[in-house]
């Protein structure tokens, strides 16, 4: 039996190593679609499913199941799944707010992401395995960055899931002004991944030998450059908070001022990111910027309707009044009165207004409708762009509290690793905790816990850190 | 003390969830001075749907059904009024439902009554948009159409959800105490 256990342990380790490389690198090609949603099942789901199945067999054979079930974190995870089942049941049969098969699909997605945490935590058993994973992760990050540069400068293919048509697996190319997404199918997902990566790299930078500092610095610099190309404001802010957290946790506070000056200098330098930051302040906070007033009385009246493009009855019968702006001009053709004329400002304005007027109120309504259990997974559409409101809307107070318990349990466990004698492990733990903070900051405006690639990697990194607790050769 | 509060909460929640209420859409009265729609989709094709042509506007219609719902429930408090975007009518009522507003009247953890209104005219009779026409139905001419859909649930379902909630609270407390 021990021989079988040994074989299983080795197989699982290689599978885990494969997942660490495959999940970030494989483009989001759909394997098969599910009716009623453009969330598709992909080949990585199959690989994760196979790995989890094998892990379940391993837990039983190696008598670790009992230990697993006694662990506080495992109990919190199982409780989160239980509440997910209750919430789904309530959504299907009581509030009637979901289609059963789509809600179950979304529930299983949560299970798939989170189960990677205990899986990695029990499979990675030695410091050597831990370092191998870190090396492969470094090479994977390099590949992700190089592919992003290829998309920007060499016209390499782009796979995107930002709308229902793209998510069918269309091979696209970056259009002028479009932002790179590398293998992440969305520039925000890539930015979140890079923010996570850079935070860990900063922590590792302080723990490795001088010889190793140079490659880490280069990889971090390259990742930062690509992050700038995504022009993702929130990930930039999350990165800053994450790095500051690393410096505090590793007691390297003397670098804080340098980091702040560097980040400020980056923001001053002309870039799409800078323009979007400025637009956020001028348009969303101070309500400034030149607004479109409408060409005709028709448009001004129409803009007050729920559907501004609806034709209204006025004295003018000209067909030309139905279009809001001319396609030949610099103004967006679908602009409506009250929106900013400048295209960058318009993008920033809409990005915020969609959250403020549609997505967040929808989640709050769902929470009011069923405060304990929410209205079920998938009930508030594909995005809320605030993971905490989404959690409250979909699973209510109970689901959100169970999720918070998982995060607290992980935080407490990793915090204990600080006592480790190994400098590498201590600094890596500081990096993972800071990554967790940066991830939560990202979750304030993006559904990071549901974005499959980054969510999987997030739980895997936490699992990798927890694995350190049980190292035989620490 | 916590145990007593928890038991009291559980019992009160069960009473609230099992309190008898309307069972189907026919338990809700028709809109005053209206004509019931006999159009396809408004009668038997979709369960618990009914529609009325009338000259009643949103300001009257939604409070009317909120009062009615509260009276049917015999609760001292009115149902929650949740305002949804008009396009939600395709999900909550049925596909291709015209809408200028849709509100949900709900008692949380119980059933919901959706009130969808299609009002091509303002209450002073002026058209809202190009192509606004009055409804010529059942020998009358009407300004608005109100469609209702009720989502009832079986008592057994409510008991199971109640059990799920109570168990979740209990387990959260147990696991939470171990972790925090």
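The values are calculated or read from the model by the stated rules, or taken from the named source; none is laboratory data. Owing to the predicted nature of the structure, the values given are computational and were not obtained by experimental measurement. Here the Cβ is made from the backbone with ideal geometry for all residues, glycine too, and neighbour counts use every protein chain on show.
Which of the residues belonging to segment A:389-400 are surrounded by fewer than 23 Cβ atoms within 10 Å (Cβ to Cβ) and either at the interface with chain B (Cβ under 9 Å from one of its Cβ atoms) or within 15 Å of residue A:437 (Cβ to Cβ) (or both)?
Answer for segment A:389-400, where residues must be surrounded by fewer than 23 Cβ atoms within 10 Å (Cβ to Cβ) and either at the interface with chain B (Cβ under 9 Å from one of its Cβ atoms) or within 15 Å of residue A:437 (Cβ to Cβ) (or both): there is none.
Quickly run through segment A:237-273 and pick out the residues that are exposed (fewer than 13 other Cβ atoms within 10 Å of the Cβ) and in a helix (DSSP H, G or I).
Answer for segment A:237-273, where residues must be exposed (fewer than 13 other Cβ atoms within 10 Å of the Cβ) and in a helix (DSSP H, G or I): A:253, A:254, A:257, A:258, A:261, A:264, A:265, A:268.
Output the residues belonging to segment B:140-166 that are exposed (fewer than 14 other Cβ atoms within 10 Å of the Cβ) and without any contact (Cβ under 8 Å) to a residue 60 or more places away in the chain.
B:141, B:154, B:156, B:163
As an exercise: evaluate residue A:363 against (1) in the same structural domain as residue A:114 (by TED's automatic domain parsing); (2) buried (at least 18 other Cβ atoms within 10 Å of the Cβ); (3) closer than 20 Å to residue A:98 by Cα; (4) under 20 Å from the mean Cα position of the chain (by Cα) and give the number of the one condition it does not meet.
(1)
Given the conditions (1) in contact (Cβ under 8 Å) with a residue 60 or more places away in the chain; (2) within 18 Å of the chain's Cα centre (by Cα), and given that residue A:376 satisfies all but one, which numbered condition is not satisfied?
Only one criterion in (1) in contact (Cβ under 8 Å) with a residue 60 or more places away in the chain; (2) within 18 Å of the chain's Cα centre (by Cα) is unmet by residue A:376, namely (2).
When you check residue A:423 against the structure, is it in contact (Cβ under 8 Å) with a residue 24 or more places away in the chain, more than 21 Å from the chain's Cα centre (by Cα) and in the same structural domain as residue A:126 (by TED's automatic domain parsing), yes or no?
When the stated conditions are applied, residue A:423 passes them.
Looking only at segment B:86-107, decide whether some residue is surrounded by fewer than 21 Cβ atoms within 10 Å (Cβ to Cβ) and touching a residue at least 60 places away in the same chain (Cβ under 8 Å).
no
Which of the residues spanning segment B:25-44 are part of a loop (DSSP other than H, G, I, E, B) and closer than 24 Å to residue B:67 by Cβ?
Residues satisfying the conditions are B:28, B:29, B:30, B:31, B:32, B:33, B:34, B:37, B:42.
Of the conditions (1) assigned to a loop (DSSP other than H, G, I, E, B); (2) within 14 Å of chain B (Cβ to nearest Cβ); (3) out of contact with any strand residue (DSSP E or B) (no Cβ under 6 Å at 6 or more places or on another chain); (4) without any contact (Cβ under 8 Å) to a residue 12 or more places away in the chain, residue A:96 clears all except one; give me its number.
With (1) assigned to a loop (DSSP other than H, G, I, E, B); (2) within 14 Å of chain B (Cβ to nearest Cβ); (3) out of contact with any strand residue (DSSP E or B) (no Cβ under 6 Å at 6 or more places or on another chain); (4) without any contact (Cβ under 8 Å) to a residue 12 or more places away in the chain applied to residue A:96, the lone miss is (3).
Look at residue B:72 and say whether it is surrounded by 20 or more Cβ atoms within 10 Å (Cβ to Cβ), modelled with pLDDT of 95 or more and either over 19 Å from residue B:48 (Cβ atoms) or more than 12 Å from chain A (Cβ to nearest Cβ) (or both).
Criteria not met by residue B:72.
With the requirement that a residue be touching a strand residue (DSSP E or B) at 6+ places or on another chain (Cβ under 8 Å) and within 14 Å of chain B (Cβ to nearest Cβ), what does segment A:327-368 give you?
The answer is A:365, A:368.
Do we have residue A:77 as farther than 23 Å from residue A:34 by Cβ and either in contact with a strand residue (DSSP E or B) (Cβ under 6 Å, 6 or more places away or on another chain) or part of a helix (DSSP H, G or I) (or both) here?
Considered against the rule, which asks whether it is farther than 23 Å from residue A:34 by Cβ and either in contact with a strand residue (DSSP E or B) (Cβ under 6 Å, 6 or more places away or on another chain) or part of a helix (DSSP H, G or I) (or both), residue A:77 comes out as yes.
Of these, B:47, B:22, which one is part of a loop (DSSP other than H, G, I, E, B) and modelled with pLDDT of 95 or more?
Matching residue, one of B:47, B:22: B:22.
In segment A:1-54, which residues are in contact with a strand residue (DSSP E or B) (Cβ under 6 Å, 6 or more places away or on another chain), surrounded by fewer than 16 Cβ atoms within 10 Å (Cβ to Cβ) and not in a loop (DSSP other than H, G, I, E, B)?
A:32
Tell me, yes or no, whether segment A:56-76 has at least one residue that is free of Cβ contacts under 8 Å to residues at least 24 places away in the same chain, surrounded by fewer than 17 Cβ atoms within 10 Å (Cβ to Cβ) and touching a helix residue (DSSP H, G or I) at 6+ places or on another chain (Cβ under 7 Å).
Scanning segment A:56-76, I find at least one residue that is free of Cβ contacts under 8 Å to residues at least 24 places away in the same chain, surrounded by fewer than 17 Cβ atoms within 10 Å (Cβ to Cβ) and touching a helix residue (DSSP H, G or I) at 6+ places or on another chain (Cβ under 7 Å), so the answer is yes.
Can residue A:349 be described as touching a helix residue (DSSP H, G or I) at 6+ places or on another chain (Cβ under 6 Å) and not assigned by TED's automatic domain parsing to the domain that holds residue A:189?
Judged against the criteria, residue A:349 is a match.
Go through (1) crowded, with 24+ Cβ neighbours inside 10 Å; (2) more than 28 Å from residue B:169 (Cβ to Cβ); (3) touching a helix residue (DSSP H, G or I) at 6+ places or on another chain (Cβ under 6 Å) and name the single condition residue A:425 misses.
(1)
Exactly one of (1) within 22 Å of the chain's Cα centre (by Cα); (2) within 14 Å of another protein chain (Cβ to nearest Cβ) is unmet by residue A:371. Its number?
All conditions pass for residue A:371, except number (1).
Limited to segment A:409-420, what total is found for residues that are within 14 Å of chain B (Cβ to nearest Cβ) and free of Cβ contacts under 8 Å to residues at least 12 places away in the same chain?
Counting residues in segment A:409-420 that are within 14 Å of chain B (Cβ to nearest Cβ) and free of Cβ contacts under 8 Å to residues at least 12 places away in the same chain gives 1.
Look at segment B:50-61 and say how many of its residues are closer than 17 Å to residue B:104 by Cβ and part of a strand (DSSP E or B).
2
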